[in-house]
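Just below is one structure, and these are the notes that go with it.
The values are calculated or read from the model by the stated rules, or taken from the named source; none is laboratory data. Fair warning: this is a prediction, and the values are worked out from it, not measured in the lab. Note that each Cβ is placed from the backbone with ideal geometry, even for glycine, and that neighbours are counted across all protein chains shown. In case anyone asks, the SASA skips ligands and DNA or RNA and just uses the protein heavy atoms, side chains included. Shrake-Rupley method; radii C 1.70, N 1.55, O 1.52, S 1.80 Å.
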Amino acid sequence: MTNSINDISDAKCILAIGTNTTEAHPIIGMDVRQAVHRGTRLIVANPLEVGLVEDAALWLQHRPGTDVVLLMGMMKIIVDEGLADEAFIGSRCENYAEFKESLKDYPLKLVEEITGVPGEKVTEAARMYATNKPAAILYTLGITQHTHGTDNVMALANLAMLTGNIGKPGSGVNPLRGQNNVQGACDVGALPNVYPGYQSVADEKIQKKFEAAWGARLDPKPGKTLTEIIPAAHDGKIKAIYLMGENPSLSDPDGKHVREALNRLDFFVVQDIFLSETAQFADVVLPACSFAEREGTFTNTERRVQRVRKAIEPVGVSQPDWWITCQIARHMGAKGFDFESPEAIMEEIARLTPSYGGINYKRLENGGLQWPCPTEEHPGTAILHTDIFTRGKGRFMPLTYRPPAEMPDEEYPLVLTTHRSLFQFHTGTMTRKVKGLNIFKGEERVAINPEDAKSLGINDDEMVRVVSRRGDVTAKVMITEKSPKGTVAMTFHFAETPTNELTNPAYDPVAKIPEFKVSAVRVEKVKKAAVSTAR
Amino acid sequence: MTISGTAVAGDRKLKTVSLTIDGLKVEVPEGTTVLEASVKAGIYIPTLCYHPDLEPYGGCRLCVVEIKQMRGLPTACTTPATEGMVVTTESPAINEIRRASLEMILSTHPCECLVCHRRDRCGPNDICLRSVAVDDRCVTCPSNQDCELQKVVDYLGVHELHIPRDTTPRDIDNSNPFFDFDHNRCILCARCVRTCQEITCVGAIDMANRGYNAKIAAFNDLPLFDSICRSCGECMVRCPTGALNPKEVIRSDKEVKTTCGYCGVGCSMYLGVKNGKIVGVRGDPEGPANQGRLCVKGRFGIAEFVNHQERLNMPLIRKDDKLVEASWEEALSLVAEKLGKYRGEEIAVISSAKSTNEDNYVMQKLARAVLGTNNVDHCARL
Ligand code: SF4
Ligand code: SF4
Ligand code: SF4
Ligand code: SF4
């Protein structure tokens, strides 16, 4: 997030796009609703009728994958009606002329046609966002999980810059990060192209710095992303994987392909707290302890580094992940892995990561710290880009509409989009173990529009088979207006219904994020098996 | 955030007012209520419907005070403090009125233990000298000794009821898998209703009916589970009695402050521990992202998976296509030996968005410095 969770309440307008906030980020969902109670104008842009639609002044129900068109359309109106923040653009941004020119490609009629949103609504949204300042944008995977996810994010950045809605309380472009420490894992370099603190592996000076610090020769060539690692394992190019605490056999697109890939590995180590669906493929399984059994830090979606503390002793002989990894390194004869505690690891992180430079456990005792926090005197940063963008001037990006990689056709006439439930988490490794949560949501339900259900002759609660080019799964349907005509929605929380058998591994060329939000599928009735074959 | 009223300041610089409470000079920001001013001055005024996170309600009328030049006895929770105000928070007359209000509340509550002088010494299995029905006893209530109603009764010293009791049995809604709603113990303070409206903004419950039939109910009087309730339990933590209570109440021996391991909001929380097990979770009021609030997963979804019997408790090694238990030494040596055979392009490390920063740091360091590969990623994209 460029801003903080707390300052959502300062926003006069909130654009919540591609986020089902009340399900996936419940506390932020409460904040948004409180703001609405106090008069904040809420615009929800989502193909699905998510919880916040109830609270919204305006709901833009655009077709899945048409975000760029919707946003460019809004920006054209803002510019045409003279609502752009010329002062901000003049002093803080560049490439505006070219960008403005590119808006010509988005006349309202075309926007209506592609997005399916009536022109008046697009206009109203544009005015509402541009005139109620400060305005904050909230988004999640509904924006990023597309083959053109990077374009979507750039469109949002354009919109914020165009109206000067960045760098001020109550404004900003705010991705809500999904998992507890997805922000932190990125921050400390669990990415193929950067060292901790987003320092490029291809930068020679940085490479030298880390070589000196770690006493090892380092490779300046960026590595593979998870979405590339799995195909490389499938092709036999990657022969061994050491995996910690993830469950790609359920979470990654095209599940069958993932399992084949894992099966082909020469050597596969999995470190987890449960024998996950993925761990069952492993050659060695290492028992890790849960967050309640260890010390450390998580970094939340607003860049706040907060302490995790040990409440109970590790279960069995399980050990914290850092300890296990360090032991492996030491068994391999490596130097630089004799940390005595997570606190000592954080000291090394702070030494090598400018944005974490002022963070240490002593300071974290008094609550969290938001990075960038370069020195021990620095109070942390609640709002980014207040005076200057990371790259200097904010650059407007002209964008062209690219449809999703897989569009519905005769054979696969419906769009499958994946979403999440409040009562489950990710692949369910933790939440499936909690009885009460499974009473609330214990099985997959394919959300389908009444009209689609009717034309398929399907009743509520009936078992159906959902089929894509990659696989098929069966699940009960839930007939609901919340899913628009032509779109079905499923979660991916349930091993019994591995939705990602269906999803398309095609990914964004820059961010390498797969297109979970649009896969072409068809829904079939499950024919009753002939009962009497045995007789 | 509205919940504690702290962020109201914003760009306005707040003026202060000074007033006298029980002879003490108190200075508070404009807009502070007489009750809040008294709390700030360390003066106790009994309350039941008041809660610092919620808008003033003035329902229980226990906080009545005397204010010079004001007629009658205004409720401190709804009266703004003004310059020069002179407040008296306690006198025999004030307490007499408070007791009358409290008796009204108690008339629909199982109150025999409440007014019994032996209450503190009574254990759950003791024989009751007054033959109070088991379900009516404080000792069988999950809130016993942690109950705001008990505290207020003790403070005001109510020992008998001067008005008739209404002992009609009321429903117990145990449809929610995590907490019960025992309407017999409900005093209609509406804290739960206001929480669900003002804090979670779900609006699942409301005050239904009037008079003796009044009750807190979901739309159409549906059981909570079938209502739009999101099961966050925020109402439960603000309930002053045993009406809303977790299904299982185990008091912890110690609490450890940590950060929720589920989603990226990063709610700060206290894990309650007893006998080496997690027995409860409490939102941290100082938590910068959550200000005390938690969702259903954080509040009710942690202990069970952490304490789960399927937790891996030994390293496993595949032998003859079966995973069999092994020692750490055996497993680590094997992993080190095998991983050592691959370098660079041939190997990849998948780190975790669920693990800590420190875990992820050593993981990518291992990949880069030891395995010689930048093939390191996690499921940020999924
Ligand atoms: S709520 Fe429970 S503990 Fe409190 S007074 Fe009533 S019965 Fe006793
Ligand atoms: S359930 Fe609790 S909080 Fe709600 S009205 Fe009754 S006593 Fe008050
Ligand atoms: S649990 Fe949460 S949603 Fe349900 S009634 Fe209580 S406050 Fe409202
Ligand atoms: S309590 Fe709920 S909202 Fe808060 S971090 Fe945990 S899962 Fe997220």
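Structure data summary
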| read-out | value |
| --- | --- |
| By accessible area with a 1.4 Å probe, ligands and nucleic acids excluded, highest first: order of A:63, A:465 | A:63, A:465 |
| Protein accessible area in segment B:243-307, 1.4 Å probe - carbon and sulfur % | 48 percent |
| A:335, B:365, reordered so the largest accessible area comes first (probe 1.4 Å) | A:335, B:365 |
| Sparse-neighbourhood loop sites, trypsin sites (Lys or Arg not before Pro) in segment A:348-406 - DSSP loop, at most 10 other Cβ within 10 angstrom | A:391 |
| Summed buried accessible surface, chains B and A, 1.4 Å probe, nearest 100 Å² | 11200 Å² |
| P(r) weight above 16 Å for segment B:319-378, C-alpha pairs, percent | 54 percent |
| For chain B, fraction of C-alpha pairs farther apart than 36 Å, in % | 41 percent |
| Student exercise, the protein assembly as shown dipole from Lys, Arg, Asp, Glu Cβ charges, in Debye to nearest 20 | 380 debye |
| Highest-fluctuation residue, B:289, B:41, B:326 considered, GNM on chain B with Cα pairs under 10 Å | B:326 |
| Carbon plus sulfur fraction of accessible area for segment B:319-378, probe 1.4 Å, in percent | 47 percent |
| Area of residue B:137 that stays accessible when all protein chains are in place (1.4 Å probe, Å², to 10) | 40 Å² |
| Segment A:238-258 versus segment A:151-185: alpha-carbon centroid distance in Å | 29 Å |
| Carbon/sulfur fraction of accessible area - segment A:182-370, other protein chains in place, 1.4 Å, % | 48 percent |
| Solvent-accessible area of residue A:214 with every protein chain in place, 1.4 Å probe, in Å² to the nearest 10 | 20 Å² |
| Percent of Cα pairs exceeding the 45 Å cut-off, where the set is chain A | 16 percent |
| Cut-off 10 Å between beta-carbons: net charge of the residues surrounding residue A:361, Lys and Arg +1, Asp and Glu -1 | -1 |
| By accessible area with a 1.4 Å probe, ligands and nucleic acids excluded, highest first: order of B:126, B:171 | B:171, B:126 |
| Spherically averaged projected area in nm², based on the convex hull that wraps the Cα atoms of segment A:182-370 | 11.4 nm² |
| Whole-number accessible area per residue in Å² for segment A:182-370, which is evaluated in the context of all protein chains at 1.4 Å | 34 Å² |
| Listed residue (A:459, A:407, A:423) projecting farthest to the positive dipole end of segment A:383-485, Cβ model | A:423 |
| Under Karplus coefficients 6.51, -1.76 and 1.60, residue-wise ³J(HN,Hα) of segment B:43-57 in Hz, glycine/proline x | 9, 7, 10, x, 8, 10, 7, 5, 9, x, 7, 10, 5, x, 10 |
| Computed over segment A:275-377, the ratio Rg/Rh where both radii use C-alpha atoms and Rh is Kirkwood | 1.02 |
| Two-site FRET efficiency, residue A:83 against residue A:391, from Cβ-Cβ distance with R₀ of 22 Å, rounded to 0.05 | 0.30 |
| Stokes-Einstein D for segment B:73-144, Kirkwood Rh over Cα pairs, 25 °C, 0.890 mPa s (µm²/s) | 162 µm²/s |
| Two-site FRET efficiency, residue B:162 against residue B:121, from Cβ-Cβ distance with R₀ of 35 Å, rounded to 0.05 | 0.85 |
| Estimated Rh, segment A:414-525: Kirkwood, alpha-carbon pairs, angstrom | 14.3 Å |
| log₁₀ of I(q)/I(0) at q = 0.10, 0.11, 0.17, 0.20 Å⁻¹ - segment B:1-154, Debye sum with one point per alpha carbon | -0.46, -0.54, -0.99, -1.20 |
| Environment charge at residue A:108 (Cβ cut-off 14 Å; Lys +1, Arg +1, Asp -1, Glu -1) | -2 |
| Dipole of segment B:319-378, positive direction: furthest Cα of B:366, B:336, B:323, with charges on the beta-carbon | B:366 |
| Among A:374, A:341, A:87 - extreme Cα towards positive end, dipole of chain A, charges at beta-carbon | A:341 |
| Compactness relative to 2.2 N^0.38 Å, alpha carbon Rg of the protein assembly as shown | 1.00 |
| Nearest-20 debye value, chain A charge dipole, Cβ charges on Lys, Arg, Asp, Glu | 300 debye |
| For segment A:53-210, alpha-carbon Rg relative to the globular expectation (2.2 N^0.38 Å, N residues) | 1.18 |
| For segment A:31-51, residues shielded by at least 10 square angstrom of accessible area compared with the chain on its own, probe 1.4 Å | A:31, A:33, A:34, A:37, A:38 |
| Only Lys, Arg (+1) and Asp, Glu (-1) charged, at Cβ; segment A:276-329 dipole about Cα centre in debye | 360 debye |
| Share, in percent, of DSSP beta bridges within the protein assembly as shown that are antiparallel, nearest 5 | 60 percent |
| Distribution of pairwise C-alpha distances over segment A:151-190, 5 Å bins, in % | 6, 21, 19, 16, 21, 13, 3 |
| Within a Gaussian network of chain B (alpha carbon springs, distance under 10 Å), most fluctuating of B:357, B:290, B:176 | B:357 |
| Between segment A:316-388 and segment B:297-360, the alpha-carbon center distance in angstrom | 22 Å |
| Positions from segment B:241-270 whose accessible area shrinks by 40 Å² or more when the full protein complex is built, not the chain alone, probe 1.4 Å | B:256, B:257, B:258, B:259, B:261, B:262, B:263, B:264, B:265 |
| Residue with peak Gaussian network fluctuation, chain B [Cα springs, cutoff 10 Å], from B:345, B:30, B:198 | B:345 |
| Sum of -39500 (n - 2.57) over DSSP H runs of 4+, divided by residues of the protein assembly as shown (222 nm, nearest 500) | -7000 deg cm²/dmol |
| Extension gain (nm, one decimal) between residue B:321 and residue B:228, 0.36 nm per residue minus Cα-Cα | 28.7 nm |
| Rg ratio (alpha-carbon, reference 2.2 N^0.38 Å) - segment B:254-306 | 1.02 |
| Per-residue SASA entry for residue A:260, accessible area with 1.4 Å probe, Å² rounded to 10 | 70 Å² |
| Charge context of residue A:232, other residues only, Cβ under 10 angstrom, K/R +1, D/E -1 | -1 |
| Sorted largest first, extent of segment B:154-196 alpha carbons per principal axis (Å) | 38, 24, 16 |
